[in-house]
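These notes concern the structure reproduced below.
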Amino acid sequence: RSLTMPHLAVRARDVSLVPLGRDPRFRPMSAEEVAPALAALGIRQPFLLSVSQFYHYKNLVELVVGFGRAAAGLPREVQLVLAGAEHEADYSAHVRDVVRREGLQDRVRLLGQVSYEDLPPLYAGAAQFLFPSTCESFPNILVEALSSRVPTLASNRGPMREIAGDGAGYFDPYDPDAIAAAILRTWSDRDGAAALARRGAERAREYTWAATARGLLEVLEAAA
């Protein structure tokens, strides 16, 4: 709303905001629930996770560079896991080039497209979820991470603050140093990270398909 309203020739009172819902499969999980899916994907814990299709506006290059700058302050075994279909071949190649340039071949895993069934345990097993995208409408991915009760760090652009509220931490997605600082701050403050994850899960409870249906019905009734 905050991004689109200034460009629309309509009054704010004539605009209705109807958020999408969330899939209840995205939830906190025990280590026993998570382990089989992680093993099948060849992932070891602890890891930081980002889920996005590979498009330029997802800012995955900046994320990789930011992780590289944070890596010295993280345990050696911590990896960054990127999951998502690689639709833009030039951008995928750029991400891979940056991984090599930064010397992160053993610290960054590119999974490609992951089956929907494997996503809930993948989220739930992550130590942090990172969402550096700069342009979204309603990113279900962000809500899925919040629902999984994972400490979530997101871009301060687009609608991310509107959606996650105080349930996420925020960084400048164009600034790798800011990304690195957010990662290290959250990693070092375990109590703060746990509180962030709890707030995120509470925020995600607001997003249900029943609420979406009610909101759409209200809009249609008002128009009629």
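The values are calculated or read from the model by the stated rules, or taken from the named source; none is laboratory data. Quick caveat, the model's predicted, so the values are computed rather than measured. Every residue, glycine as well, gets a Cβ built from its backbone with ideal geometry; the counts of neighbours run over all protein chains shown. We work out accessible area using only protein heavy atoms, side chains counted, and drop any ligands, DNA or RNA first. Shrake-Rupley method; radii C 1.70, N 1.55, O 1.52, S 1.80 Å.
Solvent-accessible surface of the stretch 1-125, taken per residue with a 1.4 Å probe and all protein chains present: 52 Å². 3J(HN,Hα) along the stretch 119-136: 5, x, x, 5, 4, 5, x, 7, 7, 8, 10, 10, 10, x, 4, 10, 8, 9 Hz, from the Karplus curve 6.51 cos²θ - 1.76 cosθ + 1.60 with θ = phi - 60°, whole Hz, x for Gly and Pro.
Looking at the stretch 56-105, which trypsin sites (Lys or Arg not before Pro) are DSSP coil and have at most 15 other C-beta atoms within 10 Å of their C-beta? Passing both the DSSP loop test and the Cβ count: Arg76. Taking label positions 7 Å along the Cα-Cβ direction at both Ala178 and Ser115, the computed distance is 3.9 nm, reported to one decimal. The relative contact order of the stretch 14-128 comes to 39 percent, based on Cα pairs under 8 Å that sit 6 or more residues apart. Across the stretch 148-155, computed HN-Hα scalar couplings (Karplus, 6.51 cos²θ - 1.76 cosθ + 1.60, θ = phi - 60°) run 7, 6, 10, x, 10, 10, 10, 4 Hz from first to last residue, x flagging Gly and Pro. Inter-part distance, the stretch 139-177 to the stretch 51-79, computed on C-alpha centroids, equals 15 Å.
Give me the one-decimal Kirkwood hydrodynamic radius in Å for the stretch 40-147, with the sum taken over alpha-carbon pairs. Walk me through the numbers before you get to the answer.
On the way: mean 1/r = 0.0712 Å⁻¹.
Value: 14.0 Å, from the Cα pair sum.
Sequence-ordered 3J(HN,Hα) estimates for the stretch 13-22 from the Karplus curve with 6.51, -1.76 and 1.60 and θ = phi - 60° stand at 5, 9, 10, 10, 9, 10, x, 7, x, 10 Hz, glycine and proline given as x. Taking the accessible area of the stretch 1-147, probe 1.4 Å, and keeping the other protein chains in place, the carbon and sulfur fraction comes to 53%.
Averaging over all projection directions, the Cα-based convex hull of the chain occupies 13.1 nm² in the image plane. Amide hydrogen proximity for Leu80: with H placed 1.01 Å from N in the peptide plane, the residues at 5 or more positions away or on another chain lying under 5 Å are Leu48, Val108, Arg109.
Go ahead and estimate [θ] at 222 nm for the chain from helices alone: -39,500 (n - 2.57) per DSSP H run with n ≥ 4, summed, over the residue count, rounded to 500. Write out the running numbers ahead of the final one.
Values: 9 runs with 98 residues, N = 224.
After summing the helix terms and dividing by the residues of the chain, the value is -13000 deg cm²/dmol.
Relative contact order of the chain, taken over Cα pairs closer than 8 Å and 6 or more residues apart, is 26 percent.
DSSP H helices in the chain with Cα extent of 30 Å or more along the helix axis and mean Kyte-Doolittle hydropathy at least -1.0? Provide the component values of the computation, followed by the final result.
Values: long enough: none.
Sorted by number, there is nothing, because no helix extends far enough and scores high enough.
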